[in-house]
Amino acid sequence: MHVLLLGGTSEARQLAAALHGRRGVTVTSSLAGRVADPALPVGEVRSGGFGGVDGLRAWLREHDVTHLVDATHPYAETMTRHAVQAAADESVPLMVLHRAPWSPLPDDRWVSAASTADAAAVIADHPEWRRVLLTIGRQGVHRFAHLDDREFTVRCIDPPEDPMPPRTTVLAERGPFDLDSERELFARTDVDVLVTKNSGGKLTSAKLRVARERGLPVVVVERPPLPENTPFVSTVADCERWVLTTRPVRPERDRSSTDET
Ligand code: NAP
């Protein structure tokens, strides 16, 4: 088996570790190559885009990939769309590993936003929210750039390259973030509102608890939907099981040569 594992998440690294060294299984992890100093999985790693669907199709063919696992972040919408298309075109079995989203608890004050642009519009509509903690990664921060009457604390792994709001403090930090450090951050910055994606998982969920403790509103950018009928699992264990129990589809060229003999 040759598993191409589209990564950039902790689950992808866990899955690479779980499959690494198993007899008959080769795993290549793929990273987008955007982060300067990425957390690397064990085993083979390639980095950088494939060059769209056609590039990914070519990669699947040239490397005899038998299983495609999309364990990218739930907001990596383009990569997932390309994976679904390329897997269908090349008849490579695909599984998407998407961690379960967070759900609000009774005391939460969540405001739903359809996109980062929508989240910026929600913030603009609430002039009483003076200090904003933005934890959406570095992509999308530019959507808030026109909000020059607010103070932003932007937390992301590498600083944004696009325009930012004029009154911004960047915290270039990588999770996980524990409860104590999140409590300290909220106390120090005295923010009025948190903006977040619904990433799910435990590594970055402490901020939601601290927002709840402080009675703060949370603007939640909703997940993009998966393409229709895309198979997905929510845990590393389920995805590992899928890999190990899914028989490789023999490439077309082998099938035709078998027919002829
Ligand atoms: P995206 O918008 O869906 O993808 C844009 C392009 O980046 C893709 O078309 C592909 O380029 C390339 N790409 C993305 N993921 C790749 C991968 N794992 N391996 C090779 N190429 C990849 O993706 P994104 O939202 O920018 O996310 C980029 C990476 O960061 C992903 O690995 C994702 O798991 C990780 N990440 C994203 C977020 C987030 O909030 N979006 C959060 C945490 C981690 P080509 O078309 O040239 O193939």
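Below, the figures for the structure above:
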read-out	value
Matching residues in region 202-232 - criterion: being assigned to a helix (DSSP H, G or I) and either surrounded by 14 or more Cβ atoms within 10 Å (Cβ to Cβ) or on the phi > 0 side of the Ramachandran plot (or both)	Ala206, Lys207, Leu208, Arg209, Val210, Ala211, Arg212
Close pairs (7 angstrom Cβ cut-off, 6 or more residues apart or separate chains): among the hydroxyl-bearing types (Ser, Thr, Tyr) in region 38-52, more than 6 Å from the ligand (Cβ to nearest atom) and at pLDDT 95 or above anywhere	Ser47/Gly33
Subset of region 3-30 (residues that are touching a Gly at 6+ places or on another chain (Cβ under 6 Å), over 23 Å from Ala100 (Cβ atoms) and hydrophobic (A, V, I, L, M, F, W, C))	Val27
Close pairs (9 angstrom Cβ cut-off, 6 or more residues apart or separate chains): over 17 Å from Val243 (Cα atoms) in region 86-97, assigned to a loop (DSSP other than H, G, I, E, B) anywhere	Ala86/Phe50; Ala86/Val92; Glu90/Val65; Glu90/Pro251
Filter result for Val84 (of a type in the set (A, V, I, L, M) and under 30 Å from Glu213 (Cβ atoms))	no
Filtered residue count, region 139-156, keeping only those that are modelled with pLDDT of 95 or more and within 16 Å of the ligand (Cβ to nearest atom)	8
Residues of region 22-44 satisfying the condition of being within 10 Å of the ligand (Cβ to nearest atom) and in contact with a Ser or Thr (Cβ under 7 Å, 6 or more places away or on another chain)	Leu31, Gly33
Count of region 18-52 residues which are farther than 13 Å from Ala71 by Cβ and polar (S, T, N, Q)	2
Within region 57-87, considering residues that are more than 15 Å from the ligand (Cβ to nearest atom) and within 23 Å of Thr235 (Cα to Cα), the one surrounded by the fewest Cβ atoms within 10 Å (Cβ to Cβ)	Thr66
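The values are calculated or read from the model by the stated rules, or taken from the named source; none is laboratory data. Bear in mind that the values here come from a model prediction, so they are computed numbers and not experimental data. When we count neighbours, we look across all protein chains shown, and the Cβ atoms used for this are built from the backbone with ideal geometry, even at glycine.
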